[in-house]
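Shown next, in C-alpha cells, is the structure this report addresses.
Throughout, read-outs are computed from the coordinates displayed, never taken from laboratory work. Owing to the predicted nature of the structure, the values given are computational and were not obtained by experimental measurement. FYI the Cβ positions are ideal-geometry reconstructions off the backbone, even for glycines, and counts take in every protein chain you see.
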Protein chains: 4
Amino acid sequence: MTVPKTMAAAVLVGPETIEVREVKTPAPGPEDVLIRVESCAVCSSDVSLMKNPWPGQPPYGSFIPGHEYSGEVAAVGKTVDEVSIGDRVAVEVHFGCTRCDNCRVGHYTACLNWGDEKKGHRANGMTTNGGFAQYVVNHISTVHRIPDRVHYDEASLVTNLGCVLYGFETFGGYIIGDRVAVIGEGPLGLISVQVAKLLGAETVYLFGIDEKKLQVGKTLGADRIVDVRQNDTAEYIMRETNGRGVEIAIEASGSKAGLRAAVTIPRWMGKILLLGIPEGLADVDFHNLARGNKSLYTVRGEGWTNCRRGVSLLRQKRVDLSALVTHTFPLSRIDDAFRTHIEKLDGAIKVVVKPHEKTGV
Amino acid sequence: MTVPKTMAAAVLVGPETIEVREVKTPAPGPEDVLIRVESCAVCSSDVSLMKNPWPGQPPYGSFIPGHEYSGEVAAVGKTVDEVSIGDRVAVEVHFGCTRCDNCRVGHYTACLNWGDEKKGHRANGMTTNGGFAQYVVNHISTVHRIPDRVHYDEASLVTNLGCVLYGFETFGGYIIGDRVAVIGEGPLGLISVQVAKLLGAETVYLFGIDEKKLQVGKTLGADRIVDVRQNDTAEYIMRETNGRGVEIAIEASGSKAGLRAAVTIPRWMGKILLLGIPEGLADVDFHNLARGNKSLYTVRGEGWTNCRRGVSLLRQKRVDLSALVTHTFPLSRIDDAFRTHIEKLDGAIKVVVKPHEKTGV
Amino acid sequence: MTVPKTMAAAVLVGPETIEVREVKTPAPGPEDVLIRVESCAVCSSDVSLMKNPWPGQPPYGSFIPGHEYSGEVAAVGKTVDEVSIGDRVAVEVHFGCTRCDNCRVGHYTACLNWGDEKKGHRANGMTTNGGFAQYVVNHISTVHRIPDRVHYDEASLVTNLGCVLYGFETFGGYIIGDRVAVIGEGPLGLISVQVAKLLGAETVYLFGIDEKKLQVGKTLGADRIVDVRQNDTAEYIMRETNGRGVEIAIEASGSKAGLRAAVTIPRWMGKILLLGIPEGLADVDFHNLARGNKSLYTVRGEGWTNCRRGVSLLRQKRVDLSALVTHTFPLSRIDDAFRTHIEKLDGAIKVVVKPHEKTGV
Amino acid sequence: MTVPKTMAAAVLVGPETIEVREVKTPAPGPEDVLIRVESCAVCSSDVSLMKNPWPGQPPYGSFIPGHEYSGEVAAVGKTVDEVSIGDRVAVEVHFGCTRCDNCRVGHYTACLNWGDEKKGHRANGMTTNGGFAQYVVNHISTVHRIPDRVHYDEASLVTNLGCVLYGFETFGGYIIGDRVAVIGEGPLGLISVQVAKLLGAETVYLFGIDEKKLQVGKTLGADRIVDVRQNDTAEYIMRETNGRGVEIAIEASGSKAGLRAAVTIPRWMGKILLLGIPEGLADVDFHNLARGNKSLYTVRGEGWTNCRRGVSLLRQKRVDLSALVTHTFPLSRIDDAFRTHIEKLDGAIKVVVKPHEKTGV
C-alpha cells in the first residue's frame, strides 16, 4: 500500500471550529500501526472537547479529533508482527503510560498521567491525533483485526461496544436470569440492551422518549420498551416487579431524571451502572441507595481489553452495531455530520465520517 | 389435587439394592412444598451412594434416593405463598442449616452441618428422601416454577444446569471472546458447551471419545469436536492457540487423563473448572499450573441460586436440555434405568425415571 | 441459671415514648438462644424508628427496641449446641428468611421478606423484640461467644464493628499501602480508622468537627486529623496527594457535605464507601464520579458474618471499642441515655444501657 | 553521583558457573533508572536458571543474574521524574510488553511475550541483566522509594514480600478472623505468617522441620508452630478444628508432601494458595478438593503492584524482613553465597550479596 506524504484531516482550529486541511501524514513508531481510516464515528465527547478543550488536548490548529474509527493497516512499526499491512482493523482509544499505579494494574483508560505524552500516555482523538483524517497512528495494543464481513462503519462503533462491555465487567458481568432496566435509547443504551440479552438477562426493559429508537431497541432484544413521557420509570418497574425492583439498572441517558430513577429501581443488593453522565450536580436519593445496600459503578472508556471482546462478538454475529449507523458523510462534510449528531436530525443514532469517500449515504 | 396416603417409592434396602415399595406419603412442614414427582433423572452420585453410603445418609430400608427431579406442586406448607398447588416446578437438591459459617454466607451446598437434619440441613436424595418416589417434600427455597412448555424430563436436569452455571459463576463467569476447552462429552460437558457459547465464548472445543455424543455437542454449539483417542488434548490445544493455550479449561470427564490435560491447556493466567472428579489420587503437573499463574475452581452442587438462573435460561429457550434425555423408564423399571445409565447402553446420556407412568419410552 | 418469669423491658408505647414495664420473659424456640442482656447500646437507628416506625416494626405497646447488645446465655433451644448456658456472647441484628433470593446467597441483612416473621425474618430491635430488656431471644446464627476479658459494654458495639467490616469487605477489603480518608468522627468513623490501619492502609485521614473526638481518632490510629471547619476536605486531600486523591473514601458523617466530599476525593479508579446516610436528596457531582471511573458501595447492617470477624478482632485485641463507650445508664434511666445520645451531651460517642444495673457510670 | 564506565558483575558463563568480571556499566533508556546495587539476595530461581537456562534467558557469557535487589538511584532517563538521583530504592522484577492480553489487564508478571525484549518485555535477572552487579537498569515502573531507616538488605527482599502479598490478593485477601495454615518455614512461609497476622487472621499455624526457623516464625507471629516430623499436618489441623479444617492453606515448602496436605486441610469452601512449586508431577487428592468446593490459587512473581504495597508495610514497620537476612557476602564471594543458600548452611534463610562491599558479615 502506498502511503501519500500528505493527507486530508479535520483540524480543530478554534472552539467548535473544524477545518479540513491537507497535513503531513503521520509515521508510526516502532510499536505503532499506521491506519488508513475508512470510518470514524461522531461521539458526544467530540462535541464536548470541541467546545471546551479537555485536559491534555493539543492546542488549536494542531489537533485532529475523532476516536471511534476503523480502517486498513497501511504500515507497521518495526516490532509489530501482530497485524500486517492490508489487515482490516478496529481500535481502542486509550494507551496508558504503563507506569502509573492505574496503568500498572491494567486500568489504562484511567491513566494517572493522562495527557502526558512524554511519559507515554495517548488517547487518540483526545490527547493525541485521532481519526477524522485519512491516516492515524495507533499503538499496537489498541488495534484489533476484524473479519472481512464486518463493515467498517459497524467496526467504527467497537469503542462504544467496548465501553458497554467494560461496564458490565465492572459490576461482575454474570447476570443470567436477572432483570435489567436500561434508561436511555441512544447508542450506549441500545448496545446495553443487546449485551444484557446475550448474557442471559431474563427481562430487559428499555426506557426512552424516541418511539423510533425504542422500536430499534425492541428489534435488538428489549423485552419491554417504555416511553418515559407516559410512564414514570420507577413506578413502572415497581409495578412490574411486585415492588422489589430489578437486579441491574443501567443509566445511559445522561439526564438527571434518568440518574435519579436508576438509583431507585434496583432491588435491595441491586447494582447501578452509569454509562451516561449528567453535567453539574445531580440530586439523588442516597437514602434509598444506602438502605437498599446497592452499589454503583461507572466506566471511563473501553477498559480491560473489552474492545477485544467486542470484536469477538462481531465476529460471532452476536451483536448488531450496524443498526445504529444511521448516517454517513464524507470528511468534507464533517460539519454536517456534527450537526446531524448534535441535533439528532432525521432519527440520527450514530453518524459516521468517511475520510476517503467523496460522498456519504 | 388429592394426595393419596401412600405412594410408590424406590427404597434403598442394601448396597446397590433398591426395592419399589408402597410407603407413607410425606407431609410438608410449614416452609415446605409437597411435589408430585413426574421425572427424576439418574445421576452418577446415585450410583456412588447406593454402593457406599455417603455421610448423613439415612439407613438402609428408610432412604429414598433421587435428587434430580421435577413435578407438580401437590400441597404447600402454611407459610408458603411463593408457589401454588398445580404449579409445575423444578428443584434444587440442597437446603442448608442456615446457621453454619458457610450457609450464613450463602454456600448452602457446602453446609458444615451436612447430614444434621436436626439443625436443619437437607440434601434431598442424599441425606433426606428424594425423588425416586411419587411424592417428595422440598423446602420452598429449593423450588422453582417452570413454564408450561418445558417438559418435565428436561426440567429434571435443572440441577445439572445449576451445577454447571455455579461453576461458571465460581470462576467469574465473564468470558466474552475467550476460548473454552471442555473435556468430557457427558451431561455436564454438553451443558458446559452450551453455557460457554451463550456467554459469548469465541471458540469452544469439546474433547471426548464417543463420536455420537461429540456430534450432539456440535449441535449444541461446540465449534470443534475432538476425539481424544486420535488427538492428544494438550497438543491439539497448543497447535490451535499458537502454543499459548485457552482462557478456560473445563474438566467434565472425571478421568485422570482429563484432569491432567485440563491443568496444562490454559494459557498463563487461565482458569480451570473441575466439574468431573477423579477417584483417588491424581498425578498432576503442578509446576505448569503454578508457573502459569493459573487458578483452579471446583463445584459442590448447584450453589448460589444457579437453579433459578438455569430455569430462566429454559424459559428463554437459551439452552436445550431435552437433547440430553435419551431414555425414560417407569419407576417399576428403575433397575433398568440404572443399568442403562451405568453401562451407557444405547448411547445413554441422561436416563429419567417416571414415578407415575406405567411404561417408559 | 434461673430465668424469672417476667422481666423489665423498655416498651415503645408511642412516637418517641418509651416506658419501662414488667413483661413476660420470652422463651427460645428450638434454634434459639435466650440471652440475659448486660449491655445494650443506643444507636441513631433507634432514634429514627422511635420517631417514625420502620417497615415491619411491631405496633406501639408491643415492641422492645435495642439492637446492639451483649450478655450471657440464659437458655438454649433444643437443637443448639454451639453455645452453652453461662457463655458470654455478642450478637448480630439480622436473621433472614432463608428463602428469598438475597438470603439464599447470604445477603441476610437485605432480606426481601423484611418484617415477615411468619416467613422467618427477624431483625431484633427492629422487627422483633430487642435488647433494651433484661432478656432477649436470638437465633443461634446471630450469637457469638466473646472472651472473658472483653467487657460487655465493649461487646455491645460488635454490630457497629461488623457493619464497618462488612463495608470494607463489600469493596474488596484489600487496602495495604492505600490512602484512606474517613469523613465523620462518630462511632462508625472511629471504627473505620482502626480497621483501615489494621488492614495496612498507609495514611488514614480523619475529618470532623469535634476536636475531642478527632483526638480519640488520633489515639486509635488516624495519621492526620482535620477540622473541617478550618479546612475544605477536598482541597486538603488534593493538596496532600498532589491533586490525585485517595484510594478509598469512607463517608461516616451522614451529612450531605460529607457525601459531596466523599465522591470527589478518591483518585481515578478510587472507591467510596457510604456508612452514613443523609436524609432526603443529596446534590452530588456525578460527573466527577463517572469521569474518575469511581465506584460507590453501601452497607445495610452487619452482613456476611462480619460480626464473627469482629469478635475475632476483639479476641486478638486488634481493635478497641471500649474507647467509644462514654456513658452508661441503668434501664430505668433509658430516657437519659437517649437524650445523651441525641444531644451528644458531655462528649458522648456511644451510650450504653444496662438492663440489670441499678445505676450507670 | 559519578557513575564509572565499567563495573564488577557476576556473569553466568556456563551451567552453574559464575564469574565476577569487569563489564561495561549499562545506560538507562528514556523511561529507565540506573541503580547502584547495594544488596542483591539469592533466590532458588537463580539456582534453577543457572542450572538449566530459562526461556528468554540471554546466552552464557552475556547474562548477569540476580532479581531481588535494592540500591541507590545513580541516573535517570529523560522522562523520569518519579525518583531522583540519590534516592534509596527497592525494585520489582517484571516489566511486561504492555501489549499482550495479559499485560494489557495488568498481569505483567505473566506477560505472553516473555523474553521478547524487542516487544518490550523485561524480567531483570531472568531475561535481562540483573542485580548481581554494581549497577543495573530498571524500568521506572519497577522502582519504589524506600525510607532511610530501611536497610538495603531488608529492602532487597521486597520482591519476596510482593510475591506473598500478590498471593493474598489473588485469593481475595480479606481474612479477618480466619484460620490460616502455612506449610514451609522458608522465606515465603515466614513472610506469609506475618502477612496473615497483620491482615487479622485469628490463628496462624506454621508447619516445618527446622526448629530454629519455626522459632523465628513464632517471633514473627505464628500462633502455633508444628514440627511435621512429629505431627501429621492434616491430622493436626483436623484435631485443632473439630474435623473441619482451616479457611486458608498456604503451601510454601515446595514439597509434594506439603502440597498434598495443603489440599486436604482447608474446610469446605476453603482456599489454597501455592507459593512453593514441586518439581514434576504431584499426586494429589482431587476428590477431597472438589468435594470440598475448594479453590486453588498460584502466583507468578510479585504482580499487581504488590511491591508498592510491600514497601508501604516496611515504611509502616508492619513487617520485619530483616529477621530473614541471615548472611551477607561481598560480590567476590558470590559462590559462597550460593553454597550457603543451597545447602542452607548455618541456619541460612536469605543470603544477600553486596556488590560494593569488600567483605560480608
PRE zone check, label point 7 Å out along Cα-to-Cβ of D:GLU22, amide N under 20 Å, scope segment D:64-87, hits D:64
Between C:MET1 and the same site in the other copies, what are the distances in nm, shortest first, taking label points 7 Å from Cα along the C-beta direction? 4.6, 6.5, 8.0
For chains B and C related by rotation, which residue of B has the Cβ nearest the axis, and what is the rounded distance in Å? B:GLY106, 1
Just to be sure I understand: if I project the alpha-carbon convex hull of segment D:222-271 onto a plane and average over all orientations, what area do I get in nm²? 3.4 nm²
Taking all pairs of different Cα atoms in segment D:194-258, averaging 1/r and flipping that mean, what Kirkwood radius in angstroms comes out? 12.4 Å
Output field shielding_mean for C:79-87 (other chain Cβ, 10 Å radius) holds 2
Find the percent of Cα-Cα distances in chain B that exceed 32 Å, and round it to a whole number. 30 percent
Based on Cβ point charges of +1 for Lys and Arg and -1 for Asp and Glu, what charge dipole magnitude is obtained for chain A about its Cα centre, in debye rounded to the nearest 20? 460 debye
How much of the calculated P(r) for segment B:225-361 lies past 24 Å, in percent of all Cα pairs? 50 percent
Connecting every pair of Cα atoms under 10 Å apart in chain D and solving the GNM, the largest mean-square fluctuation among D:HIS287, D:HIS94, D:HIS67 falls on D:HIS287
Summing +1 for each Lys or Arg and -1 for each Asp or Glu, what net charge is found among the other residues whose Cβ lies under 12 Å from the Cβ of B:PRO58? 0
Simple spin-label model, 7 Å along Cα-to-Cβ: C:LYS78 to A:ASN52 in nm? 7.2 nm
Hey, could you pull the Cα Rg and Dmax for segment C:69-162, both in Å? 13.5, 39
Top of C:GLY61, C:GLY303, C:GLY71 by mean-square fluctuation, Gaussian network on chain C, Cα under 10 Å: C:GLY61
Hits in segment D:330-361: amide N under 18 Å from the 7 Å Cα→Cβ extension of D:ALA323, namely D:347-351
Going by alpha carbons, how many degrees (0 to 90, nearest 10) lie between the helix axis of D:306-315 and the longest principal axis of chain D? 90 degrees
Taking every Cα atom in segment D:115-233, find the radius of gyration and the maximum pairwise distance Dmax, and write them in Å. 17.5, 53
State, to one decimal in nm and shortest first, how far the label point of B:ILE85 sits from each corresponding label point in the other identical copies (label point: 7 angstrom along Cα-to-Cβ). 4.5, 8.1, 9.2
Placing +1 on the Cβ of each Lys and Arg and -1 on the Cβ of each Asp and Glu in chain C, which of C:THR340, C:ALA257, C:CYS307 has its Cα farthest towards the positive end of the resulting dipole? C:CYS307
Looking only at other chains, what is the average number of their beta-carbon atoms within 10 angstrom of each beta-carbon in D:202-210? 1
Counting Lys and Arg as +1 and Asp and Glu as -1 over every other residue whose Cβ sits under 15 Å from the Cβ of B:LEU161, the net charge comes to -1
With charges set only on the Cβ (+1 for Lys and Arg, -1 for Asp and Glu), what does the dipole of segment B:161-298 come to about its Cα centre, in debye to the nearest 20? 180 debye
Within-10-Å neighbourhood charge of D:PRO330 [Cβ basis; K, R +1; D, E -1]: +1
In whole angstrom, the spacing between the Cα centers of segment A:308-356 and segment B:287-306 equals 41 Å
Under the convention of a label 7 Å out along Cα→Cβ, give the distances in nm from A:LYS24 to the same position in every other copy, shortest first. 3.2, 9.3, 9.5
Rg [Å, one decimal], Dmax [Å, integer] - segment B:1-148, C-alpha atoms: 14.6, 41
From the Cα trace of the protein assembly as shown, what convex hull volume per residue do you get, rounded to a whole Å³? 177 Å³
Over chain D, what is the relative contact order in whole percent, taking alpha-carbon pairs under 8 Å and six or more residues apart? 18 percent
Cα centroids of segment C:186-256 and segment D:48-95: how far apart, whole angstrom? 38 Å
Quote the relative contact order of segment D:161-298 in percent (integer), defining contacts as alpha-carbon pairs under 8 Å separated by 6+ residues. 23 percent
Per-residue Cβ counts within 10 Å, from other chains only, averaged over D:172-185: what number is that? 4
Show log10 I(q)/I(0) for segment D:161-298 at q = 0.16, 0.18, 0.22 Å⁻¹, two decimals, from a solvent-free Debye sum over equal Cα scatterers. -0.71, -0.92, -1.47
To the nearest 10 degrees, how steep is helix B:158-170 against the longest Cα principal axis of chain B, on a 0 to 90 scale? 40 degrees
Which one of C:PRO330, C:PRO15, C:PRO28 has the biggest mean-square fluctuation once chain C is modelled by GNM with Cα springs under 10 Å? C:PRO15
